[in-house]
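We did not get these values from a lab; they are worked out from the coordinates using the rules stated. The shown structure was predicted, so the numbers you read here are calculated from the model rather than taken from an experiment. Using ideal geometry, Cβ is built from the backbone for each residue, glycine included, and neighbour counts are taken over all protein chains shown.
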Amino acid sequence: MPVRGALGGPRVLLRRLREVMAEPVSAQERLDKIVVLIAANMVAEVCSVYVLRVDASLELYATEGLSRDAVHLTVLRAGEGLVGMVAGEAQALNLPDAQSHPAYSYKPETGEEIYHSFLGVPVLRSGNTLGVLVVQNRAHRTYSEEEVEALQTTAMVLAEMIASGELSTLAKPGAEPAARRPVQIQGLALAEGIGLGRVVLHEPRVFVTNFIADDAQKELTRLDQSIDTLRASIDVMLEEEGMARAGEHRDVLEAYRMFAHDRGWLHKLREAVMTGLTAEAAVERVQSDTRARMLRQVDPYLRERLHDLDDLANRLLRELMGPDQGPRREELPDNAIIVARNMSPAALLDFDRTRLRGVVLEEGASTSHVAIVARALGVATVGQIANAAGLVDPGDAIIVDGDAGEVHVRPPAGLESAYAEKVRLRARRQEQYAVLRDRPAVSKDGERVNLLINAGLLVDLPHIAETGADGIGLFRTELQFMIAATLPRTGEQLRLYRAVLDAAGAKPVTFRTLDVGGDKVLPYLRAVEEENPALGWRAIRLGLDRPGLLRMQLRALLHAAAGRELKLMFPMVAAIDEFDRSRAMVERELTHLRRHGHKLPERMQIGAMVEVPSLLFALDEILDRVDFLSVGSNDLVQFLFAADRSNSRVSGRFDPLSPPALRALKAVVDAGRAHGKPVALCGELASRPLEALALIAIGYRTLSLSAAAIGPVKAMVLGLDVAAATKILDPLLVEKVNTPSIRERLRAFAEETGVPV
Ligand code: PEP
Ligand code: MG
């Protein structure tokens with residue numbers, strides 16, 4: 001049996017395919033010609049194309065050898081038969097005796113019972129299966145590795161044809177090819193909001209347009225040269241990295257180097273070129289296989305390595321096709337949704353905010369830096385969407401639902417209009433809040449509530465004016481440290497703090513000293529492995545043990561506030577002496593500055609955060625020392641209930657609107673009043689109107705919230721009768737009540753009295 005037919009092997013086949021692709025014929029005619037060409041070239045009696053449909057079944061779209069009547073009639077359910085298996089596993093299946101395979105299923109209308117050998121390959125694009133290409137022979141034939149390779153190469157050309165949408169005209173309604181189907185994916189909500197728009201790939205897929213090589217030898221040389229350049233550039237990166245420091249990054253580079261010298265990978269690339277592909281098409285072919293494996297890999301370590309290999313292929317593609325054509329600012333559509341594997345905060349900040357509607361990431365956790373920046377920018381963001389960049393094409397319609405953590409790719413018209421309505425509704429509500437901007441938050445019975453914002457980045461500063469907030473109640477200084485590539489120097493810190501005070505003008509700003517450690521990781525500081533990082537070496541503990549960092553920060557803060565008021569607080573104070581020692585550090589810095597003739601802040605207020613439950617039982621002692629307290633409800637609630645705030649399995653398990661939590665919160669505000677010291681609350685609790693209602697009812701008059709919450713919470717305050725709310729709530733905190741939540745009671749109160757929550 002000749003392995004390659006008289007028609008000249010895969011390269012000739014590819015060249016003929018190119019001609020067929022260019023012919024002005026109908027989609028069906030083109031497919032019919034393609035199967036004839038492949039069958040003849042591979043000396044196969046049968047060649048068939050199955051296309052994956054939106055309903056997950058596989059439909060026979062063209063065949064040479066099987067009964068023509070079966071075309072568009074034979075449909076295999078997901079996973080059915082050998083063809084279904086190839087699609088499901090995204091791997092080639094090469095069988096000399098197909099009928100003895102347990103998965104074999106016989107479709108009488110095709111007349112395939114006379115064929116024994118079977119070779120099926122997935123039609124892959126960016127790791128996604130679009131269909132299956134099959135050849136069959138009567139004889140018990142084992143297809144050679146070269147033939148498998150050749151068929152996979154051919155499948156790549158088919159993938160482009162399917163992805164182009166050309167076949168849609170052949171489909172029955174509801175049974176269209178899956179390539180362009182609407183996809184709904186559940187991910188992780190990282191930044192709230194809803195964005196409708198068009199896909200912009202952050203790392204633009206290098207679109208290989210020229211698949212078929214004219215001169216294989218030339219392509220091999222191109223491939224080899226690019227690999228040499230790639231290897232050299234990795235060596236340079238490793239050298240530079242070595243001079244900086246060891247860490248995660250180095251591991252990735254080591255993995256790159258290993259793969260760049262991996263014989264198996266190189267062999268596959270060269271083999272793909274030998275079948276007649278251009279060097280870049282060969283890289284894409286092998287990369288698509290890698291992606292398909294990655295999507296099916298459950299071992300996180302191996303998946304990570306496949307990711308590395310995917311990255312390496314991208315680098316190689318750029319080597320071959322010229323530098324990265326990143327989405328240029330001026331080319332961004334005015335409703336851009338950025339889709340990326342991951343992204344640095346700086347890259348996100350680089351996009352024109354006015355054109356940005358959302359972000360979709362394959363990775364990303366809620367504490368990741370890009371998520372922090374996305375929240376600050378108010379850009380709807382969803383993370384943990386596997387193969388997001390592979391599922392979309394630039395320009396595709398897409399919806400990011402940052403509230404539900406969902407992404408809809410190519411949404412059906414009905415869904416799109418429903419979401420558009422939601423966005424309109426939100427905008428209308430925002431307009432209503434904007435009207436309230438300059439109104440002070442005074443309740444119906446005359447109680448003034450101070451509403452301040454939580455901030456941490458330069459991009460947060462315009463929010464003070466936009467929302468009409470009373471100031472910044474919590475400036476999280478660690479965010480600057482978290483999004484920087486290297487430790488911010490005193491000068492950089494000083495510039496930021498000055499900008500903050502300038503933006504706030506006459507309104508107060510409360511700076512919190514560095515709260516790193518725990519889940520707040522600085523990439524350039526070696527992380528200490530801890531069993532329980534939330535209970536570990538973090539915040540003020542780190543500041544006191546390594547005073548250099550804190551001292552540098554205090555100096556920057558004191559300089560920035562020269563001639564103005566400086567309000568300062570320490571995070572995670574668990575014992576009174578921690579506060580005393582921190583305060584003493586401030587005093588020392590003040591003395592130092594005074595001695596050197598520097599201008600000092602005009603007024604100073606030094607406070608502590610109440611976020612460790614031990615302070616609840618030392619309120620008198622701490623209140624004797626501080627100028628003010630600020631409750632960090634995020635941490636306080638997690639420690640009260642012993643429920644990790646970043647673990648979604650437990651974080652919502654206990655309701656802060658319950659007697660134990662509210663009693664604790666009330667104890668703090670009551671003690672503050674008794675000592676004549678202000679007590680604020682700056683955790684996310686205050687950002688939800690119903691929760692804010694409860695806080696006001698138990699006595700809080702200063703709340704610091706996310707900027708987006710100022711409008712809704714102010715609207716709530718304006719409609720609230722505080723005395724009436726207190727009357728409802730107080731007894732519940734005094735009586736013996738056995739209820740895990742008083743949320744419904746409060747909601748009913750709000751509804752009855754017409755308070756918008
Ligand atoms: C808190 O714990 O409530 C708080 C405001 O601090 P962070 O969320 O930054 O830990
Ligand atoms: Mg905290």
Assuming 0.692 mPa s and 37 °C, estimate D for the range 263-393 with Stokes-Einstein, Rh taken as the Kirkwood radius over Cα pairs, in µm²/s.
200 µm²/s
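How large is the convex hull of the Cα atoms of the range 8-178 per residue, expressed in Å³ as a whole number?
Residue-normalised Cα hull volume stands at 99 Å³.
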Which order do the peptides 642-651, 502-511 come out in when sorted by mean C-beta neighbours inside 10 angstrom, highest first?
502-511, 642-651
Can you give me the relative contact order of the range 264-312 as a percent, contacts being Cα pairs under 8 Å and 6 or more apart?
28 percent
Summing -39500 (n - 2.57) over the DSSP H runs of n ≥ 4 in the chain and dividing by its residue number, what mean residue ellipticity at 222 nm do you reach, to the nearest 500 deg cm²/dmol?
-14000 deg cm²/dmol
What is the angle, in °, between the Cα long axis of helix 413-436 and the longest principal axis of the Cα atoms in the chain? Nearest 10 is fine, range 0 to 90.
20 degrees
Would you list, by chain and number, the lysines whose Cα falls below 20 Å from the Cα of Lys218, excluding same-chain residues fewer than 8 positions away?
Lys268
Karplus couplings for the range 685-696 from phi (6.51 cos²θ - 1.76 cosθ + 1.60, θ = phi - 60°), rounded to Hz, Gly and Pro as x?
3, 6, 7, 9, x, 5, 5, 4, 4, 4, 5, 5
For the range 588-727, how big is the tail of P(r) above 23 Å, as a whole percent of Cα pairs?
42 percent
What order, most packed first, do the peptides 675-681, 307-313 have when packing is the mean number of other Cβ atoms within 10 Å of each residue?
307-313, 675-681
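Please state, as a whole number in µm²/s, the translational diffusion coefficient that the Stokes-Einstein equation yields for the range 62-140 at 25 °C and 0.890 mPa s, with Rh defined as the Kirkwood radius across alpha carbon pairs.
D = 192 µm²/s.
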For the range 8-178 the mean separation of alpha carbon contacts under 8 Å (6+ apart) over residue count, i.e. relative contact order in percent, is 22 percent
Can you compute the charge dipole magnitude of the range 216-321 about its Cα centre, using +1 on each Lys and Arg Cβ and -1 on each Asp and Glu Cβ, nothing else charged? Give it in debye, rounded to the nearest 20.
380 debye
Size of the range 436-722 along its principal axes in angstrom, Cα-based, largest extent first?
53, 44, 37
Taking the radius of gyration and the Kirkwood hydrodynamic radius from Cα positions alone, what is the Rg/Rh ratio for the range 359-474, to two decimal places?
1.06
Just going by the charge dipole of the range 147-230, with Lys and Arg at +1 and Asp and Glu at -1 on Cβ, which of Thr229, Ala189, Val148 is farthest out on the positive end?
Ala189
Of the lysine pairs in the range 436-722, how many meet both conditions: Cα atoms under 29 Å apart, and a spacing of 8 or more in sequence or different chains?
20
Positive end of the dipole of the chain, charges at C-beta (+1 Lys, Arg; -1 Asp, Glu), about the Cα centre: which of Ile38, Ala281, Leu479 has its Cα farthest in that direction?
Leu479
Of the candidates His463, Ala260, Leu312, the farthest towards the positive dipole end of the chain (Lys/Arg Cβ +1, Asp/Glu Cβ -1, centred on the Cα centre) is His463
Where both residues lie in the chain, what percent of DSSP beta bridges are antiparallel, nearest 5?
55 percent
When DSSP assigns beta bridges and you keep just the ones with both residues in the range 501-628, what percent turn out antiparallel, to the nearest 5?
15 percent
Using only the alpha carbons of the range 520-565, determine the length spanned along each of the three principal axes and report them from longest to shortest in whole angstroms.
44, 20, 16
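At 37 °C and 0.692 mPa s, grab the translational diffusion coefficient of the range 654-723 from Stokes-Einstein with a Kirkwood Rh over Cα pairs, rounded to a whole number in µm² per second. Write out the running numbers ahead of the final one.
On the way: Rh = 12.4 Å.
Stokes-Einstein gives a translational diffusion coefficient of 265 µm²/s.
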Per its Cα gyration tensor (rounded if a/c is under 1.5, else prolate when a/b beats b/c, else oblate), the range 1-91 is best filed as prolate
In Å³ and rounded to a whole number, note down the convex hull volume per residue for the Cα atoms of the range 216-321.
85 Å³
Would you work out the charge dipole size for the chain about its Cα centre, treating the Cβ of every Lys and Arg as +1 and the Cβ of every Asp and Glu as -1, and quote it to the nearest 20 debye?
2240 debye
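Diagonalise the Cα gyration tensor of the chain and give the resulting equivalent ellipsoid semi-axes, square root of 5 times each eigenvalue, largest first, whole Å.
Gyration-tensor ellipsoid for the chain: 60, 30, 22 Å.
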Taking H placed 1.01 Å from N in the peptide plane, check which residues at least 5 places from Gln605 or on another chain put their amide H under 5 Å from its amide H.
Leu566, Lys567, Leu568
Working from Cα positions, state the angle (0 to 90°, nearest 10) between the long axis of helix 263-274 and the longest principal axis of the chain.
50 degrees
Total charge dipole magnitude, the range 46-167, about the Cα centre, Cβ charges on Lys, Arg, Asp, Glu only, Debye to nearest 20
160 debye
Take the Cα atoms of the range 96-247, find their three principal axes, and give me the spread along each one in whole Å, biggest first.
66, 49, 34
